[in-house]
Each structure stands twice: as structure tokens, then as C-alpha cells.
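Read the structure below first, then the notes.
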Amino acid sequence: MELPLTIEHQAFITTPYAEALNVLELRLSDVARIDMAPAFNLSERNNLQLIVMFPGTRLHPPLAHSEQDTLITVLSGSSGLVWQNGWTYPLSPMDAAGWKAGTGLTWTIINEGGPNADNLILLMAQENKPALNKIYYQLSKDLISEEKLWLNPPRQNQLGPHPALPAQAVNGVFTDVPAAQIGPRPSNVSHGPSMTDTIREGELQCEGTSLSEETSLSGRIGINLEILPPGTRSSDAHAHKLEDELIYVLGGQGLVWINGHVTPVSTGDVVAFPAGTGVAHNFINDSNAGDGERDEGSGEDLALWIFGENRKKEGERYFYPLRPKDVPQDPTRWWDWEDAPRMTFGPHSGRPSRPLNSSLV
């Protein structure tokens, strides 16, 4: 049974890439930024964007944030570069680069390709602290008002020779730039799939990693890569009391379970859940479900980019509507049913039809 996507559920599914393409086609901008959080009534504590960059563009002038962690994940595009303190390093799909607030490390992203190159498509997760954050512009200081400037960032090594411009800009201007660095990249740049390990067991098994930990962010926000094999689910169905959550489907087809109903999702879909609503959810890879004649290895992986906040010190609690009430729970983490918003649940169990390693054939 599919969930009717009405406002009463306070959870929506969108595909923001089409909106980004429309911005580019209308030439409203050479870099399209689609803010995903407002569409789901998420808080303003974080900036969550799908970004599409024309060949010959850069994301912004090189900068560093005093208070805001940032993580970029590359979805597609073969000519991306990460510029960091005057040096550039190649970026490939599923690479992640993160910048911890307060380090003074300046950065930007460049789509280096010529006019026939592909668009560079990115996901960005960034804290939003306008009242506290200050910005350090390494190559220019006249871009914002003085009260927003970060005037005394930590010292860095000597600036490299790259001018933070594409070799051939979208407006046709050529710039002589040094080649990208060959060899190991900085520790805050990693290839997500190569960092995954098998985590959990049974129908909760997946290949996963924390992109935010791999790139040494502060821990205030978390971004995970999880690859669910057929016959698995992302978690027990749950809701967050204080933490917003947003999920981008990187690849494959699956189901999102929302309050007992399931809706299909596929590559490019975004699903998000505002904190405090009591709307419980998980993701299920049911691609091995069928008529009973499929091989055990049938189906396809479901890859998810999962953003969540870390507000445990502020009293975060979890609500698990499908867990038996007689199972002991950690009282410091359990969001008791009496305190959670009342919800009506549909008939779906929140589990895959043919769980991984089960006896079902």
C-alpha cells in the first residue's frame, strides 16, 4: 500500500535535480543551488543543498568558516577539482570532502571541464549559524561586510600556486593554471565506497561508513553512506525527537516505510523527516521480492546518503513504534510513547519480504 503524500504526514519525497536543471536551462545562474530543507519544513539549523555546476565554474571564492562544518559529496561529473589552500586535487563520483569549522583551511570546488564536459553535481551538508559564523576569504576580503569577516584564522602552510579559477571559464576566459596534484589527497578528501565496512547483521546488514567522520568533521552533524543489499532494511522504524533527518537515494530502488505504509523510491529521490513530528520511518530494499522463483542473489543494492544531526547532549530521544513494549530500553535514549505525538499506523511490518539469509525461497 502506497502512502498518500499529503501534508498531514509532514514527510515528503521530491526529486530536486529537475529543478536545478531548470535553473541552468533558463541561465538564471551558472551554478544552481537547490535548498532541500525548506521543502520538508526542516529547521534552519543546517543548509542542505543539491548543487549543479556548469563546466568552467567554481562554487564560490576560496573561503573558510569559523563555526560551520561543511561536507561535499560528488554525485556525478568527471572534471571536478577540490581547491584547498592553493592546490587542486581531482574529484570523482562518490568522493566526499569535508571542512571542520575553525581550522582556517580555505577551499572551493571547480568544474574544470571545457564546454563539452559534463555538469558537476554535488550534495552539500553545512551547519547554518549566521549569528556566530565568520568567513575568511583568502584571496579577497571585500566580498562581505567587515563584521562578518574572520580576521584571525589559524595560520596555514604557504599558499599554493593555483588561482582558484577554472582553466576555461564558462564566459570563455582562459586562465593559466597548474595541473592538479597526483597521488594521495589530503585526509579530509576520501572516496566513500572504498571506506565502507560490513556493519550490523541479518536484515539490518549493510556496507556503510560515516563520511563526516572520515573527513574529520566536528561531530555536530553526521553524514553516512549506507549500501543496503537485497532483503535488508536501514534500521528499525523510528522517529527523532530533536534531530532532523534527510536521505538522498544515490542508486537502486527501494521502499520508504512511513507510519506503516510504503512508497517506492529510486535514484535521485530525496526523503526528509522534521524532528519532533513522531513520523516513524525506515528504508527497505525489497528488490529480491518476487514469486518465489528468484535466486538468493537476485535484486540490486540500494545506496543511501543519510544526513542527521547530533543533538544527544540537548536531550535527543528516539521513538520505535514497532518494538515490543516489554523489551528493556535505554531510558536516556528512549522517547516514550506517552510523550510522542499520536500517530495512526498502517499494516506494513517495516521489514523486507524476503530477509537476507532467511530460509524463504
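Among the residues of segment 205-223, is there at least one that is closer than 24 Å to Arg323 by Cα, buried (at least 22 other Cβ atoms within 10 Å of the Cβ) and not small (Gly, Ala, Ser)? Yes, some residue in segment 205-223 is closer than 24 Å to Arg323 by Cα, buried (at least 22 other Cβ atoms within 10 Å of the Cβ) and not small (Gly, Ala, Ser). The condition of being at pLDDT below 90, in a loop (DSSP other than H, G, I, E, B) and closer than 26 Å to Ser194 by Cα does not hold for Gly172. Here Ala289, Ala303, Ala275 are screened, and the one residue that is part of a loop (DSSP other than H, G, I, E, B) and either out of contact with any Gly (no Cβ under 9 Å at 6 or more places or on another chain) or within 23 Å of Leu122 (Cβ to Cβ) (or both) is Ala275.
When every residue of segment 227-234 is checked against the conditions, none turns out to be surrounded by fewer than 21 Cβ atoms within 10 Å (Cβ to Cβ), of a type in the set (Ser, Thr, Tyr) and more than 20 Å from the chain's Cα centre (by Cα). Taking segment 344-361 as the range and being at pLDDT 60 or above, more than 17 Å from Asp236 (Cα to Cα) and out of contact with any Asp or Glu (no Cβ under 9 Å at 6 or more places or on another chain) as the test, only Thr344 passes.
Within segment 62-73, is even one residue of a type in the set (Asp, Glu), surrounded by fewer than 20 Cβ atoms within 10 Å (Cβ to Cβ), touching a residue at least 40 places away in the same chain (Cβ under 8 Å) and over 27 Å from Ala303 (Cα atoms)?
So far as segment 62-73 goes, yes, one or more of its residues are of a type in the set (Asp, Glu), surrounded by fewer than 20 Cβ atoms within 10 Å (Cβ to Cβ), touching a residue at least 40 places away in the same chain (Cβ under 8 Å) and over 27 Å from Ala303 (Cα atoms).
In this structure, does Thr175 turn out to be of a type in the set (S, T, N, Q) and either closer than 21 Å to Asn46 by Cβ or in contact with a Gly (Cβ under 6 Å, 6 or more places away or on another chain) (or both)? So Thr175 does not fit the description; no. Of the residues examined, Asn282 is not one that is touching a helix residue (DSSP H, G or I) at 6+ places or on another chain (Cβ under 8 Å), surrounded by 18 or more Cβ atoms within 10 Å (Cβ to Cβ), part of a strand (DSSP E or B) and polar (S, T, N, Q).
Total residues in segment 207-221 satisfying the condition of being among the aliphatic types (A, V, I, L, M) and part of a helix (DSSP H, G or I): the figure is 1.
Yes/no matrix, rows are residues, columns are (1) out of contact with any Ser or Thr (no Cβ under 6 Å at 6 or more places or on another chain); (2) not aromatic (Phe, Trp, Tyr):
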{"residue": "Leu91", "(1), (2)": "yes, yes"}
{"residue": "Trp107", "(1), (2)": "yes, no"}
{"residue": "Ala117", "(1), (2)": "no, yes"}
{"residue": "Met124", "(1), (2)": "yes, yes"}
{"residue": "Ile135", "(1), (2)": "yes, yes"}
{"residue": "Ser140", "(1), (2)": "yes, yes"}
{"residue": "Ile144", "(1), (2)": "yes, yes"}
{"residue": "Gln158", "(1), (2)": "yes, yes"}
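If you go through segment 306-327 and keep only what is hydrophobic (A, V, I, L, M, F, W, C), assigned to a loop (DSSP other than H, G, I, E, B) and modelled with pLDDT of 85 or more, you end up with just Leu322.
Here Trp87 meets the list (1) among the aromatic types (Phe, Trp, Tyr); (2) surrounded by fewer than 21 Cβ atoms within 10 Å (Cβ to Cβ); (3) within 21 Å of the chain's Cα centre (by Cα) almost entirely, failing just condition (3). Restricting the first member to segment 276-287 and to residues that are farther than 14 Å from Tyr320 by Cα, and the second to residues that are of a type in the set (D, E, K, R) and surrounded by fewer than 20 Cβ atoms within 10 Å (Cβ to Cβ), the beta-carbon pairs closer than 6 Å and six or more apart or on different chains are Ser287/Glu300.
Could you tell me whether Gly268 is under 16 Å from the mean Cα position of the chain (by Cα), assigned to a loop (DSSP other than H, G, I, E, B) and not charged (D, E, K, R)?
Yes: the conditions hold for Gly268.
Tell me, please, whether a residue that is farther than 30 Å from Lys241 by Cβ, aromatic (Phe, Trp, Tyr), more than 17 Å from the chain's Cα centre (by Cα) and at pLDDT 95 or above can be found in segment 48-71. Scanning segment 48-71, I find no residue that is farther than 30 Å from Lys241 by Cβ, aromatic (Phe, Trp, Tyr), more than 17 Å from the chain's Cα centre (by Cα) and at pLDDT 95 or above, so the answer is no. Contact map, segment 120-139: first residue closer than 19 Å to Thr15 by Cβ and free of Cβ contacts under 8 Å to residues at least 24 places away in the same chain, second residue buried (at least 20 other Cβ atoms within 10 Å of the Cβ) and of a type outside the set (A, V, I, L, M, F, W, C), Cβ cut-off under 9 Å, separation 6 or more or different chains; the map is empty.
The values are calculated or read from the model by the stated rules, or taken from the named source; none is laboratory data. Here the structure is a predicted model, which means the values were calculated and not measured. With ideal geometry, Cβ positions are generated from the backbone for all residues, glycine too; neighbour counts draw on all protein chains shown.
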